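Some notes on the structure that comes next.
The values are calculated or read from the model by the stated rules, or taken from the named source; none is laboratory data. Every value quoted in this text rests on a predicted model; they were computed, and no experiment measured them. Note: ideal-geometry Cβ built from the backbone for every residue, glycine included; neighbour counts use all protein chains shown.
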Amino acid sequence: MRCRTPHLSRSVLHTAVTGALLAVLAALAPAPPAAAAPATISRALFGLHQTGIASASWPDAEPGTVRLWDTGTRWADVEPSRGRFDWTALDHAVATARAHHASVLLVLGQTPRWASSRPSQISTNGLGAAAMPRSITYWREYVAAVAHRYRGRIAAYQVWNEPNVQTFFTGTPKQMVQLTQEAQRLVKHYDKRAIVSSPSFATRLRTNIPWMQQWLAAGGARYVDVVSLHLYPLPTSGPEGSMTLLAKARAALAKAKVSKPVWDTEINYGAGVGGAPARHFSSASGAAYVARTYLLSAANGVSRVYWYGWDTSGPLSISLSKGGEATVAGEAYRTVEDWMVGAKGYGCTRDRAGTYTCLLRYPGSWGKVVWNPGRAFGMRAPAGTVSVNALDGTWRSARRGSRVQVSGVPVMIRTTVR
């Protein structure tokens with residue numbers, strides 16, 4: 001029998017999949033080894049960008065957190081001239097997120113033209129936006145105003161977007177440390193519980209990590225609670241390639257003796273380099289990349305991952321919605337969130353044939369999520385199997401020896417034993 005579960009709350013979904021089996025699972029499921037201390041996966045792992053959030057637009061999903069970027073809430077939008085603040089868009093965005101029980105991460109940069117030290121310099125976000133402020137006082141006034149107004153409503157602040165990419169920042173690593181230090185001081189003054197994130201460092205080009213290392217060497221990490229990365233790989237690579245970038249960034253952090261939580265505050269795939277066109281993905285590949293991203297990120301200690309984005313399009317190829325409706329990739333986002341949130345993650349392994357297995361622990365059962373990015377093959381379900389769950393939200397009853405098709409698209413085998 002093959003069933004499809006409608007998009008329901010997480011607790012209802014899990015009950016629908018396993019309700020008829022609860023008595024068996026409770027009787028047979030072993031306790032995890034005493035030495036294992038896996039963390040329960042939080043809804044905060046699942047972040048999103050929603051460009052229309054300031055107009056009360058909300059995704060057909062349940063993100064635990066949203067990042068305000070490309071949402072009409074940059075410094076230039078909030079303070080169009082010195083001392084004159086327009087809170088309209090930011091107020092609406094924060095209210096929308098909070099109404100859906102999602103925490104807010106606000107990107108504080110970039111520089112308005114009136115405050116810019118290079119007001120005629122071309123940048124991605126307008127003239128002068130990538131330059132240092134002409135006076136640090138302007139930055140202090142802006143950060144203080146935001147932190148004071150949104151105390152207790154904005155949970156986290158990110159200092160800047162991709163300062164190690166020249167189209168977003170043309171200052172030096174030391175200057176970015178100065179902006180970071182001032183932001184941290186003022187945010188914590190008004191809201192001691194707020195999280196201060198480092199600028200989000202790009203990682204895919206050869207010049208990116210050395211720039212971050214200079215920021216670390218200048219003491220930047222002293223002023224942040226979290227280090228944020230953007231793990232976009234090159235267009236020919238996928239989620240497994242993102243983990244290679246993560247390892248390189250982590251090596252740089254270790255060399256600088258920095259041990260802080262890591263967030264991936266933008267991720268998608270296929271973006272070209274140097275103006276090259278984006279790589280196209282099939283619907284199945286897009287769904288697979290979404291699921292593999294969250295599974296591998298959690299297994300590698302990344303505590304938040306913000307997909308870019310729910311309602312975005314253009315140079316990033318995997319869109320989670322079209323015309324307001326979830327795409328196949330959007331359905332995969334919802335499904336893998338349902339699989340993961342509330343479960344305990346026991347990590348992922350890769351065998352010699354390139355097959356990945358990620359282990360999730362539920363009350364009374366286990367989920368074994370399996371895929372192989374390089375080949376497709378059939379396998380026999382292991383002992384204790386009760387169902388096979390697909391990324392489109394459907395599931396079928398199964399038992400030991402049932403055939404399971406493995407491919408680049410993750411599939412979850414629900415079992416009563418590890």
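Look through the range 177-202, keep the residues that are of a type in the set (S, T, N, Q) and surrounded by 23 or more Cβ atoms within 10 Å (Cβ to Cβ), and return whichever of them is farthest from residue 231 (Cα to Cα). First the steps, then the outcome.
First pass over the range 177-202, keeping only residues of a type in the set (S, T, N, Q): 178, 180-181, 184, 197-198, 200.
Next cut, surrounded by 23 or more Cβ atoms within 10 Å (Cβ to Cβ) only: 180, 197-198, 200.
Details: 180: 21, 197: 16, 198: 15, 200: 10 Å.
Once the filter is applied, the top-ranked residue is 180.
Report those helices (runs of 4 or more DSSP H) wholly inside the range 1-93 carrying at least 3 residues which are at pLDDT 90 or above and among the small types (Gly, Ala, Ser).
Values: elements: 10-18, 22-28, 75-78.
Output list is empty.
Among the residues of the range 236-277, write down those that are out of contact with any Pro (no Cβ under 6 Å at 6 or more places or on another chain), assigned to a loop (DSSP other than H, G, I, E, B) and closer than 29 Å to residue 355 by Cα.
236, 237, 238, 261, 268, 269
Among 302, 290, 273, 258, which is of a type in the set (A, V, I, L, M) and in contact with a strand residue (DSSP E or B) (Cβ under 6 Å, 6 or more places away or on another chain)? Reasoning before the result, please.
Numbers: 290 fails: in contact with a strand residue (DSSP E or B) (Cβ under 6 Å, 6 or more places away or on another chain); 273 fails: in contact with a strand residue (DSSP E or B) (Cβ under 6 Å, 6 or more places away or on another chain); 258 fails: in contact with a strand residue (DSSP E or B) (Cβ under 6 Å, 6 or more places away or on another chain).
The conditions single out 302.
For residue 364, all conditions in the list (1) buried (at least 20 other Cβ atoms within 10 Å of the Cβ); (2) outside the structural domain of residue 59 (by TED's automatic domain parsing); (3) touching a helix residue (DSSP H, G or I) at 6+ places or on another chain (Cβ under 7 Å) hold save one; what is the number of the exception?
Unmet for residue 364, out of (1) buried (at least 20 other Cβ atoms within 10 Å of the Cβ); (2) outside the structural domain of residue 59 (by TED's automatic domain parsing); (3) touching a helix residue (DSSP H, G or I) at 6+ places or on another chain (Cβ under 7 Å): (1).
Please find, among 326, 247, 278, the residue that is out of contact with any Leu (no Cβ under 6 Å at 6 or more places or on another chain), more than 28 Å from residue 180 (Cβ to Cβ) and surrounded by fewer than 18 Cβ atoms within 10 Å (Cβ to Cβ).
None of the other options fit; the residue is 278.
Filter the range 52-69 for residues that are of a type outside the set (Gly, Ala, Ser) and surrounded by fewer than 18 Cβ atoms within 10 Å (Cβ to Cβ) and give the result. Walk me through how you get there before you give the answer.
Let us first name the residues in the range 52-69 that are of a type outside the set (Gly, Ala, Ser), namely 53, 58-60, 62-63, 65-69.
Within the range 52-69, just 60 meets the criteria.
Which one of 317, 397, 321 is crowded, with 17+ Cβ neighbours inside 10 Å, out of contact with any helix residue (DSSP H, G or I) (no Cβ under 6 Å at 6 or more places or on another chain), over 26 Å from residue 39 (Cβ atoms) and not basic (Lys, Arg)? First the steps, then the outcome.
On the way: 397 fails: crowded, with 17+ Cβ neighbours inside 10 Å; 321 fails: out of contact with any helix residue (DSSP H, G or I) (no Cβ under 6 Å at 6 or more places or on another chain).
Just one listed residue meets the conditions, 317.
Of everything in the range 203-230, what is crowded, with 20+ Cβ neighbours inside 10 Å and assigned to a strand (DSSP E or B)? Give them in sequence order.
Selection gives 227, 228, 229, 230.
Look through 288, 329 and report the one residue that is in contact with a helix residue (DSSP H, G or I) (Cβ under 7 Å, 6 or more places away or on another chain), assigned by TED's automatic domain parsing to the domain that holds residue 239 and in a helix (DSSP H, G or I). Full working, then the answer.
On the way: 288 fails: in contact with a helix residue (DSSP H, G or I) (Cβ under 7 Å, 6 or more places away or on another chain).
Step by step, each of 288, 329 is checked, and only 329 is in contact with a helix residue (DSSP H, G or I) (Cβ under 7 Å, 6 or more places away or on another chain), assigned by TED's automatic domain parsing to the domain that holds residue 239 and in a helix (DSSP H, G or I).
Please enumerate the residues belonging to the range 395-418 that are more than 16 Å from residue 285 (Cα to Cα) and in a strand (DSSP E or B). Please lay out each step first, then the result.
Residues of the range 395-418 more than 16 Å from residue 285 (Cα to Cα): 395-404, 412-418.
Within the range 395-418, 395, 396, 397, 403, 404, 412, 413, 414, 415 qualify.
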